Structures are given as C-alpha cells and as structure tokens.
Amino acid sequence: MLMKSSTQSLTEQLATRFAERIRNRLMAPGARLPSVRQCALQHDVSPSTVVAAYDQLLAQGLVEARKNRGFFVRELTPERADHATQAAGEPGPPGAAAAHWNTAHWMAMRGPGRDAPPVNATALIRGMFHKISNKPQPGMGVFPPDWLESTFMPAAVRKVTGTRALQDFSLQYGEPLGDGGLRRVLAKKLASLNVHTAPEHIITTVGATHALDIVSRTLLRAGDPVMVEEPGWAVEFARLSALGMHILPVPRRADGPDLEVMAKYCEAHKPKLYVSVSVFHNPTGYCLSPGSAHRVLQLANQHDFHIVEDDTYSHIAPEHATRLSALDGLQRTIYVSGFAKILAPNWRIGFLAAPPALVESLLDTKLLATLTTPALLEKALALCIEQGQLRRHAERIRTRLDAARARSVKLALAAGCRFAAEPTGLFGWVDTGVDTDVLAQRMLDEGYLLAPGALFHAARAPSTLMRINFATTQDAAFWRVFSRLVAQR
C-alpha cells in the first residue's frame, strides 16, 4: 500500500514502485501499464497522481506513451538503464553488468499485434533471485528453502574436501564427462527407473537446463522445427525461441501429447526433436500413459526425430511411472534430470544420458561451453546418493508435499478456483475465471509473483489459468488477497 505519511509523495512512491519492477525486469519489456483509471482504483489515489507518476517514468525513459493505447514498458538498453537510474537518483549498473539488461530475444515470444504480457519467462526467473517480499511466492517453481535444509550435504562436502583431495581439485580439470564416481552412481539410480545405461554414456551438466541446452545446440540449427508440449515449461519456449528454433506446440493431454497433431507435424515439417516431460508434467502434473508412450516412439522411429525427456521431478515421482527412455532403451531418447529442485538450487548439478552414438558430439558441446563441471560438488553428491541420504531426504519432501497439496487444494477451491488437471506433484493448473495476466500485475502490488497461464503457451494468448506451487500456496493469507482482487475485477 502507498503510505500517505511517507516522506515521499504518493506520486513518487507510485513511480518508484513501477521503476523498481521495470529495472529488475519483473515487468516484461512491452508490457502495458494499468490504465490511469485502473491504477488509481488499485492504489486508492487520484487519477492526477497516476498521471504524474507515469510522467516521471516517461522522463526516466522507462516507459513510452502510445496514442490511444496507454503506457508501455520500454526495452532497457544499457544506456537507457543508466539514464533511468540516474534520473531516479540511483547509481546505474557497472559496464560489466551490461548483459543484465540485454533483452534482444524477448520479441520472439510475442504474437503478431499483441501487447507483451506483464510477466514473461525471464521475469519469473528473475523473481527467484530478486526477493519480491517475505511472503511465500505462488508462481515459483522450486521448494521453499526451509524444505531443503539438511545436515548431510555440508557433511558430504567436508568429507570430500580433505587437504589432499582439495589440492587435486585445484590443480587440474575434472573429467570431461563428469566425475566418474557420480556417473557410476547415476547409472545405478537410473536402473531403478528401468532406464538402463552405462556410466560412459552419462554426461554431467550445470543443472538440467544446461543439459537441455546442450542437446538443443548439438542436434539443432536455427530455423529447425522442434515439437514442444503445450502448455509447457515457460523457460523452454523462451530458450528455444532465443536460439531461433521453429516451435511446433503439441497440445498436452492427461495421457500424453496429442498424437494426431504430432503426426501432422511430422508429415508437414519433419521435426528434428520433441521435448517432453513424461512424469509430473509442468505445469499440469500429468503423467504419460504406456499407450501414448509407445505411439510417440513409433512416430520417432517412423519420422526420424529424437526425443529429449526432461525428468526433473523424478525425485518426487513414483519409480514405476511410464518413461519414454525406459521403453526406448535410450535409442532415440535422451534422458535429462537434475538435483536443484530436491537438493540445493545453487549446487547446479544435472546430467543427461544419451544414445552411445550421440555422446561424443554432446560432450563436444559441453566442453565448448563450460570445459568441465565442478568435481567437488559432484563427488559430494555421489556420496549423498550412495549413503541413501538423498533418498530419505526425498521421501521427507514427498510426505510434506502431500500435506501441503491437500491444504492448497482446499484453499483454492474455497476461493472459487477450478483445477483444470488433477492435483498431483508440485504444481497445480488452476482456472481462476479471470485474465491472469491482469491478475499477475495486481498481485505484484500485494507482494506476490504469479505464473499466469500465458507463460506456458508459445502464442502467449490471454488465459484464465495459472500455475500454482503447492508448497507455497498453503497460506490462507494469499488466497484472501486473491479472492479480494478477483472480486474487484
């Protein structure tokens, strides 16, 4: 809320609030600010106060006015960012941080003639690093930090960093494929999921997102057609668009992808790759059925495309769940997973398991980007897995998540929401009945970052859906704010 007793005027407070969001990329370039009337109602101020605040943002170069349309966030070049922060009386970013302000690829995510939504994939990611408020964040894609606290991880790091071992880490690069001990442990872990592979066919990466990037950069070239599930992970749409790929959205159903749409794409476009989340699909929570899995693999063999299977949520999923990599035996599939979600986001350890014929080319791509990955943390992770600590930790998380999900579902239903998919896993796919792009903007004022449905579609059409994180929406306070703002629409 704006404070009338503040040393800053209401105009200055409102301008500062929008300026901080724009500079921190929590409002996407091209996003339309609320109309003067809407903003005045939302913040309980006069229209003249809003006009004055928007004039300040114009003077700072943060927004632009479009005739008969309103005010829109401008693209922040380094020069414009410097001007904006200086106009606001704050130090600008150092020259070395200019890349922080680069927005060259965001336009690829816009549909023709549409205004950009207020929150895009990059804004959602930045929200993970820029604290919106001390409130639990419903749009986040991770577990709360207190859920991940453990004593076994620091102990594992201490154990693998004896004086001699630490010297070895410091004086030479690690193994190109990744720590051999970790790869052997991962091969055993994959076998428990019926994904059988050898340690020499596993490559460690800097998180699962890095693994997906290695696959894309190895198998694809700009302009290549790629099938991606829709709704799907917002970051994957943004990442592939930034690489210049031709995205072919495949509707995701409860049992798997729309096979008729896939078959038509195969005939018309000859796609090179299909990106899939078989188990606890993001954002719906759907799990692939055996029948759909077999048909997908038949299409891959018939039309000669590879499948990258993102199994990021394997740690909270049942081992017996249907996985394409298990049925295919890693012939056309590339299996990707990581440990940031369940263990420690900042450890950034992921991996991929690939067909033998692809391993060397995938490794070349890894080496060109990162040389090797941190052996110290990989050895510590191997120890956590070998001693069963990671398994027990995951079991505790699953138990806690089940309870949180039950509470969140009750609160969401009581707030008038409808679940568009059966609530499972970490995420709920919720129909709010209102435009969630607009709702996301208003919830920012209340200290909450939402994940509106438009984020999870390639065409970015307005949507009444949103993704919620069950671990962070079991607080009744959030749903009270949600209900109040929905009622005010």
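The values are calculated or read from the model by the stated rules, or taken from the named source; none is laboratory data. Source: prediction; values computed, not measured. Using ideal geometry, Cβ is built from the backbone for each residue, glycine included, and neighbour counts are taken over all protein chains shown. To get the accessible areas, we keep the full protein, side chains included, count just its heavy atoms, and leave off ligands, DNA and RNA. Shrake-Rupley method; radii C 1.70, N 1.55, O 1.52, S 1.80 Å.
Out of every Cα-Cα pair that the stretch 303-357 contains, those further apart than 15 angstrom amount to 51 percent.
Sort the stretch 378-429 into rounded, prolate or oblate with this rule: let a ≥ b ≥ c be the square roots of the eigenvalues of the Cα gyration tensor; rounded if a/c is under 1.5, and if a/c is not under 1.5, prolate when a/b is larger than b/c, oblate otherwise. Prolate. For the stretch 354-381 and the stretch 138-157, what is the separation of their Cα centres, given in Å? For the stretch 354-381 versus the stretch 138-157, the Cα centre distance is 25 Å. Measuring between their Cα centroids, the stretch 463-489 and the stretch 293-342 lie 33 Å from each other. Solvent exposure of the chain amounts to 43 Å² per residue of accessible area, where only protein heavy atoms count and the probe is 1.4 Å. When peptides 391-399, 132-140, 273-281 are ranked by their average number of other Cβ atoms within 10 Å per residue, the highest-first order is 273-281, 132-140, 391-399.
Between His246 and Arg217, the distance separating the two model label sites (each 7 Å from Cα on the Cα→Cβ line) works out to 2.4 nm. Using a probe radius of 1.4 angstrom, the carbon and sulfur fraction of the accessible surface of the stretch 177-323 is 52%. Distance from the alpha carbon centroid of the stretch 398-444 to that of the stretch 1-65 works out to 29 angstrom. Rg and Dmax of the stretch 174-259, both derived from C-alpha coordinates alone, stand at 15.7, 43 Å. Among 196-204, 61-69, 25-33, 290-298, the peptide with the highest mean count of other Cβ atoms within 10 Å heads the list, and the full ranking is 25-33, 196-204, 290-298, 61-69.
Calculated FRET efficiency, Lys135 to Gln302, Cβ-Cβ distance, R0 = 45 Å: about 0.35 to the nearest 0.05.
Once C-alpha pairs closer than 8 Å and six or more residues apart are averaged by separation and normalised to the residue number of the chain, the relative contact order reads 18 percent.
Of Tyr265, Tyr313, the residue with the largest accessible area leads and the full order is Tyr265, Tyr313 (1.4 Å probe). If R0 is taken as 41 Å, the Cβ-Cβ distance between Asp255 and Glu175 corresponds to a FRET efficiency of 0.55.
Here the simple spin-label model places points 7 Å from the Cα toward Cβ, and for His320 and Ser483 these points are separated by 4.0 nm. Pull out a ≥ b ≥ c, the square roots of the eigenvalues of the alpha-carbon gyration tensor of the stretch 448-489, then state rounded if a/c is under 1.5, prolate if not and a/b is larger than b/c, and oblate in the remaining case. Oblate, because a/c is 1.5 or more while a/b does not exceed b/c. Note on Asp44 and Arg398: their simple-model spin labels are 4.8 nm apart, each label 7 Å out from Cα toward Cβ. When the Cα atoms of the chain are aligned to their principal axes, the ranges along those axes come out at 68, 58, 44 Å in descending order.
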